[in-house]
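Have a look at the structure below, then the notes.
What follows draws every value from the coordinates through simple rules; no lab data is involved. All figures in this text were calculated on a predicted structure; none of them were measured in a lab. Cβ placement follows ideal geometry from the backbone for every residue including glycine, while neighbour counts extend to all protein chains displayed.
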Amino acid sequence: MNGHVVRGVAGERGKYRPVESVLTQSTDALKVAQAIHDELGLHQFYVADLDAILGTGSHRETVNDLTSAGFNVMLDAGISNVDSANRWINSNVQFVSGLETLTSWDDLRQLVSRCPDQEVVFSLDLKSGLPLGTLGIR
């Protein structure tokens with residue numbers, strides 16, 4: 001958020017703060033990912049571009065830095081349909097399409113069919129056990 005890796009607080013974005021870690025003093029995504037990789041051997045990361053989700057910006061360069069460094073990225077950037085995915089097609093990321101941002105189930109179907117070479121991950125977004133967004137679950 002605002003260019004920093006943050007620690008989430010129960011989904012309340014106003015309470016998110018830059019991450020604090022014993023692995024690194026940095027809040028830079030690439031440095032944090034590298035520190036986690038060096039310590040734990042992990043190479044796949046879920047990245048929520050909160051600015052993109054909120055419609056206030058994008059951290060495409062940061063995501064590109066992560067994939068260029070060899071990390072696999074599951075990207076949640078408010079991708080809810082083919083139009084919002086276009087800037088990420090062929091970018092070496094797995095799309096995360098969250099219930100919170102979907103406007104229709106058809107949009108999700110079209111996204112999956114339009115991107116056969118990129119995996120689409122569905123995020124079931126819940127708060128207090130209830131689905132977020134306008135679609136609901138049937």
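A few remarks follow.
- Restricting 70, 78 to residues that are in a loop (DSSP other than H, G, I, E, B) and touching a His at 6+ places or on another chain (Cβ under 9 Å) narrows the list to 70.
- Lone unmet requirement of (1) under 19 Å from residue 133 (Cβ atoms); (2) not in a loop (DSSP other than H, G, I, E, B) for residue 65: (1)
- Filter pass, residue 84 being in a helix (DSSP H, G or I) and of a type in the set (Gly, Ala, Ser): yes
- In the stretch 83-102, of all residues being crowded, with 16+ Cβ neighbours inside 10 Å and of a type in the set (Val, Ile, Thr), the one that is farthest from residue 120 (Cα to Cα) corresponds to 101.
- The residues in the stretch 49-71 that are without any contact (Cβ under 8 Å) to a residue 40 or more places away in the chain and among the aliphatic types (A, V, I, L, M) can be counted, and the count is 4.
- Selection count, the stretch 25-46, where residues are part of a helix (DSSP H, G or I), closer than 22 Å to residue 77 by Cβ and without any contact (Cβ under 8 Å) to a residue 24 or more places away in the chain: 2
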